[in-house]
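> Quick one: the structure is below, and I'll ask about it shortly.
The values are calculated or read from the model by the stated rules, or taken from the named source; none is laboratory data. Fair warning: this is a prediction, and the values are worked out from it, not measured in the lab. For neighbour counting, all protein chains shown are included, and Cβ atoms are generated from backbone atoms with ideal geometry for every residue, glycine included. The protein model used for the area step is the full one, side chains on, heavy atoms only, and it has no ligands, DNA or RNA in it. Shrake-Rupley method; radii C 1.70, N 1.55, O 1.52, S 1.80 Å.
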Amino acid sequence: MSGVSKTFPALAWPALDHLDLVIERGSFFTVIGPSGAGKSTLLRVLAGLVRPDSGEVSVFGEAPAEASRSKHLGWVPQSPALLPWRTVLENVRLPLEVNRRAHCDERDPEQLLERLGLGPAKSMLPAHLSGGMRQRVAIARAFAFAPPLLLMDEPFGALDEMTREHVAHLLLELWQAERPTVVFVTHSVTEAVVLSDQVAVMGEGKLTDPVDITLPRPRREGVEDTAPFHELTGELRTRLKKAFIATAT
């Protein structure tokens, strides 16, 4: 992404303001920031859902819309958006049915469900699942066709704290096994540090220089109790506070 800008008439500042961003392949990159800072717009531009006013965007050498058509891009939204008349397994299989082009890296949906602790629920309908279970189904669905790039827009925002932490660690285990490139948006500093290789703070359409998360991998539950973790969250909270003040004024 080079020199990307996007303005909406209702906003007092650009949603994206001449952004330059390079994300290393196979890394977990997280964007945090206050509401209205431009985080979701950034993801939508990467997904080809929003066309920037200026600048260039490349996803593995392709335009975002083409990357989406060629199955190089997966999306996990804030809401799981499961089809209520399809079972858990049928929802996970949906992307493979919609796009029938052969893809050598497709994952076994049943195996994905097992890895996310959903094997016993594969024949259930979404209405019978908890919020955390529905979000895990959405994650399994996104991983099913093995996209090299996965965009995640506050996927745990509606979950309670304990469920959110549990699902985040399940995502981390799956990502560490599969290693797609992930661009993740969240309001949670703790979540960002647990998951990421780098975290950038967004405010008024601009990104700070990323903070390198140097915690060793694989990361297990309990990493949140370590001194290096608290140092990193402290640094990011300071940056986030500055972004919040700038956006509020």
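> Just the residues that are over 26 Å from Val98 (Cα atoms) and among the charged types (D, E, K, R), please, taken from segment 32-75.
Across segment 32-75, the qualifying residues are Lys39, Asp53, Glu56.
> Condition first: open to solvent by 20 Å² or more (accessible area, probe 1.4 Å), hydroxyl-bearing (Ser, Thr, Tyr), farther than 27 Å from Ser27 by Cα and assigned to a loop (DSSP other than H, G, I, E, B). Can you find one or more residues in segment 111-123 that meet it?
yes
> Ok, one more. Pro77 passes all but one of (1) crowded, with 21+ Cβ neighbours inside 10 Å; (2) out of contact with any Phe, Trp or Tyr (no Cβ under 6 Å at 6 or more places or on another chain); (3) not basic (Lys, Arg); which number fails?
Going through (1) crowded, with 21+ Cβ neighbours inside 10 Å; (2) out of contact with any Phe, Trp or Tyr (no Cβ under 6 Å at 6 or more places or on another chain); (3) not basic (Lys, Arg) one by one, Pro77 breaks only (1).
> Can you tell me which residue within segment 22-71, out of those that are modelled with pLDDT of 85 or more and among the hydroxyl-bearing types (Ser, Thr, Tyr), is most open to solvent (accessible area, probe 1.4 Å)?
Among those residues, the one meeting the criterion is Ser58.
> Also, quick follow-up: Please specify each residue of segment 49-73 satisfying the condition of being in a loop (DSSP other than H, G, I, E, B) and more than 20 Å from Leu207 (Cβ to Cβ).
Here is the first cut: in segment 49-73, the ones in a loop (DSSP other than H, G, I, E, B) are 49-53, 57-58, 60-61, 63, 70-72.
Phe60, Gly61, Ala63, Ser70, Lys71, His72 - these are the residues of segment 49-73 that are in a loop (DSSP other than H, G, I, E, B) and more than 20 Å from Leu207 (Cβ to Cβ).
> Sticking with this one: Leu21 - would you say it is among the aliphatic types (A, V, I, L, M) and assigned to a loop (DSSP other than H, G, I, E, B)?
Yes, satisfied.
> Follow-up question, since we're still on this one. When you scan segment 70-89, do you find a residue that is over 30 Å from Ser123 (Cα atoms) and not charged (D, E, K, R), even just one?
Scanning segment 70-89 turns up no residue that is over 30 Å from Ser123 (Cα atoms) and not charged (D, E, K, R).
> Here is a follow-up. Can you report the number of residues in segment 181-237 which are among the polar types (S, T, N, Q), in contact with a strand residue (DSSP E or B) (Cβ under 9 Å, 6 or more places away or on another chain) and within 24 Å of Val22 (Cβ to Cβ)?
Here is the first cut: in segment 181-237, the residues among the polar types (S, T, N, Q) are 181, 186, 188, 190, 196, 198, 208, 214, 226, 233.
Filter once more, so that each one left must be in contact with a strand residue (DSSP E or B) (Cβ under 9 Å, 6 or more places away or on another chain): 181, 186, 188, 196, 198, 208.
Filter once more, keeping what is within 24 Å of Val22 (Cβ to Cβ): 181, 186, 196, 198, 208.
Looking only at that region, the number is 5.
> Quick test for you: out of Val31, Val45, pick the one residue that is of a type in the set (A, V, I, L, M) and either on the phi > 0 side of the Ramachandran plot or part of a strand (DSSP E or B) (or both).
Details: Val45 fails: either on the phi > 0 side of the Ramachandran plot or part of a strand (DSSP E or B) (or both).
Every option except Val31 fails the conditions.
> If Met1 passes every condition in (1) free of Cβ contacts under 8 Å to residues at least 60 places away in the same chain; (2) surrounded by fewer than 20 Cβ atoms within 10 Å (Cβ to Cβ); (3) more than 16 Å from Leu150 (Cβ to Cβ) but one, which one does it miss?
That leaves (2) as the condition not met.
> Scan segment 80-92 for residues that are outside any helix (DSSP H, G or I) and surrounded by fewer than 20 Cβ atoms within 10 Å (Cβ to Cβ) and jot them down.
Across segment 80-92, the qualifying residues are Ala81, Leu83, Pro84, Trp85, Arg86, Thr87.
> Would you pick out the residues in segment 224-238 that are in a helix (DSSP H, G or I) and open to solvent by less than 60 Å² (accessible area, probe 1.4 Å)? Steps first, answer last, please.
Here is the first cut: in segment 224-238, the residues in a helix (DSSP H, G or I) are 224-225, 227-238.
If the condition is that a residue be in a helix (DSSP H, G or I) and open to solvent by less than 60 Å² (accessible area, probe 1.4 Å), then Glu224, Phe229, Leu232, Thr233, Gly234, Leu236 are the ones that fit.
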